[in-house]
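**Student:** My questions will all concern the structure given below.
Every number here is computed from the coordinates shown, using simple stated rules; none is lab data. Here the structure is a predicted model, which is why all the values come from computation and not from measurement. Reconstructed Cβ throughout: ideal geometry from the backbone, glycine too, with neighbour counts over all protein chains shown.
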Amino acid sequence: MSIVRIAHEEWRLMRRDRVAMLGLALLLLLGTMAAFTAWDQRRAAQSNRQQHQAQVDQEFDAQPDRHPHRMVHYGHFVFRPLNPLAAFDAGIDPFTGHTLFLEGHRQNSANFGDVRQSSLLLRFGQLSPAFVLQVLAPLLLAFIGHAAVARERERGTLRVLMAQGLHPGQLVAGKLLALAATAGLMLLPALVALAAIAVNDPASTPLALAIALAYAAWLLLWTLGVVLISTWAGRSRDALMALLAVWAVSVVLLPRLAAELAIAKQPLPTRLETDIAVARDLAALGDSHNPDDPYFAEFRRKALAQYRVSRVEDLPVNYKGLVGMEGERLTSELFERYGRESFARQRAQLQHVALFSSLSPLIALRGVSMAAAGTDLPSYRRFLEQAEQHRYTLVQSLNRLQAEQLSWASDRNSRESRISKDHWHGQAAFHFEPEPMGETLQRVWPLAAVLAAWLLALAAALAWATRRLQGAMR
């Protein structure tokens with residue numbers, strides 16, 4: 001009962017602090033606004049993408065009778081679908097594109113990222129429930145709880161309480177309970193938002209629960225840290241200054257520094273350098289339009305041998321279609337190799353950043369949050385790879401139509417080189433398959449373990465500080 005009474009008294013003091021109550025009310029209002037705003041933006045963006053996807057699918061199917069290779073260059077658009085939990089944590093989505101133009105012989109990058117189309121203020125962070133809890137909530141906890149134990153020491157009431165038989169552990173536990181309740185109140189708007197997302201999309205419930213647990217651990221971690229420093233510090237002012245320094249370093253400085261060091265250690269080639277390298281390698285593959293090209297001369301020889309004929313005119317299939325399929329296979333393998341190399345470098349960067357989670361638990365929290373929300377780099381890569389596979393399948397099916405539906409002779413006549421539009425109806429439809437939930441949870445457990453380790457370390461440090469507090473009062 002002593003612990004509850006101490007917590008109740010701490011809550012009474014908090015309610016009398018107008019600045020603390022105003023800050024808490026503003027944070028709750030900001031969290032609620034962030035949840036509603038992010039959900040509305042996500043709903044509008046998803047509806048807009050679905051509408052555009054349906055429109056481009058219809059336009060592709062509505063193309064008239066044409067030569068199949070013209071459809072290869074006509075191309076198609078695909079739009080990245082939004083994960084329901086992206087309304088909670090946008091992750092890297094504002095910095096990456098969501099629209100891909102698929103065409104033959106090329107692998108385009110995604111375009112129309114929100115940051116590039118918005119004001120520069122968006123680069124400093126979006127108003128989302130994740131941002132409020134990651135950055136603002138710890139700062140408010142520091143202001144509200146910095147004097148929890150230090151106040152008792154400054155006023156001289158600590159000796160009086162101990163003289164009356166109160167154990168230091170009961171005092172610290174009561175202060176911890178009061179500040180934890182405050183942290184729980186800060187978490188409430190986010191929990192309501194996650195519950196609403198889970199109700200609207202039941203399949204996302206386990207991942208929403210994982211996000212809720214991660215942010216509960218984050219706020220509990222800061223609660224332990226605030227009480228720990230307040231227990232250690234001799235004055236409230238010293239505790240506040242120490243907590244502000246910890247917040248600035250762990251929340252603002254270290255995550256940014258980790259990213260910059262990762263970029264310096266594992267730099268990515270620029271877009272221009274990559275384009276030049278790809279163009280050079282494409283030229284080395286061979287020219288299908290040059291009959292004297294060594295690679296395609298050998299390809300023609302093998303094709304004639306396979307069908308046991310001496311001229312391409314005698315092939316049972318259109319040789320131009322075969323060349324198109326082979327050329328697409330070669331260029332796609334080249335694009336995939338460059339894509340794998342780029343993502344390997346980016347993965348190395350993320351691994352380097354993750355090493356800093358031992359110094360800043362925010363890095364671990366962000367990893368868990370973005371992965372569960374489907375807004376991290378692996379989720380983005382999954383979309384690009386599925387879109388590329390869809391592009392390759394679509395282009396090769398059109399090349400196969402040229403090989404099988406058109407003869408070598410008719411392919412030279414513009415009037416006879418068209419085939420029915422019925423052949424490409426439905427071929428352009430793209431269906432994105434999100435990462436299985438089990439794989440996502442398996443991927444984030446090391447970062448979740450880092451948060452758990454931080455909790456255990458701070459709990460042990462607080463227990464030690466409590467024993468030290470008892471010894472100092474003797």
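**Student:** Go through region 271-285 residue by residue and turn each phi into a ³J(HN,Hα) via Karplus (6.51, -1.76, 1.60, θ = phi - 60°); whole Hz please, and just put x for glycine and proline.
**Tutor:** Result, rounded to whole Hz: 4, 5, 4, 5, 4, 5, 5, 5, 4, 5, 5, 5, 5, 6, 5.
**Student:** Across region 350-361, in residue order, what do the Karplus-derived ³J(HN,Hα) couplings come to in whole Hz, using 6.51 cos²θ - 1.76 cosθ + 1.60 with θ = phi - 60° and x for Gly and Pro?
**Tutor:** So the Karplus estimates, Gly and Pro as x, are 5, 5, 5, 5, 4, 4, 6, 5, 6, 9, 9, x Hz.
**Student:** Take every Cα pair under 8 Å in region 2-472 that's 6+ residues apart, average their separations, divide by the length, and report that relative contact order as a whole percent.
**Tutor:** 25 percent
**Student:** Taking the Cα atoms only, what angle lies between the long axis of helix 18-61 and the longest principal axis of the chain, rounded to 10 degrees?
**Tutor:** 10 degrees
**Student:** Could you put E388, E260 in order, starting from the residue whose Cβ has the fewest other Cβ atoms within 10 Å? Walk me through the numbers on the way to the answer.
**Tutor:** Details: E388 18, E260 11.
Fewest to most other Cβ atoms nearby, the residues stand as E260, E388.
**Student:** More than 32 angstrom separation, counting every C-alpha pair in region 2-472; what % is that?
**Tutor:** Summing the P(r) tail past 32 Å for region 2-472 gives 54 percent.
**Student:** Calculate one ³J(HN,Hα) per residue across region 235-242 by plugging θ = phi - 60° into the Karplus curve 6.51 cos²θ - 1.76 cosθ + 1.60, and present them in order as whole Hz with x for glycine and proline.
**Tutor:** Taking θ as phi minus 60°, the curve returns 9, 4, 4, 5, 5, 5, 4, 5 Hz for region 235-242.
**Student:** Quick one: putting +1 on the C-beta of Lys and Arg, -1 on the C-beta of Asp and Glu, what dipole do you get for region 2-472 around its Cα centre, in Debye to the nearest 20?
**Tutor:** Value, rounded to 20: 1900 debye.
**Student:** Would you calculate the separation in nanometres between label points at T393 and S310, each defined as 7 Å from the Cα along the Cα-to-beta-carbon direction?
**Tutor:** 4.3 nm
**Student:** If you don't mind, another one. In degrees from 0 to 90, rounded to the nearest 10, what is the angle of the helix 294-307 Cα long axis to the longest principal axis of the chain?
**Tutor:** Approximately 70 degrees, to the nearest 10.
**Student:** Could you state the angle between the C-alpha long axis of helix 205-232 and the longest principal axis of the C-alpha atoms of the chain, as a value from 0 to 90 degrees rounded to the nearest 10?
**Tutor:** Relative to the chain, helix 205-232 is tipped by roughly 40 degrees.
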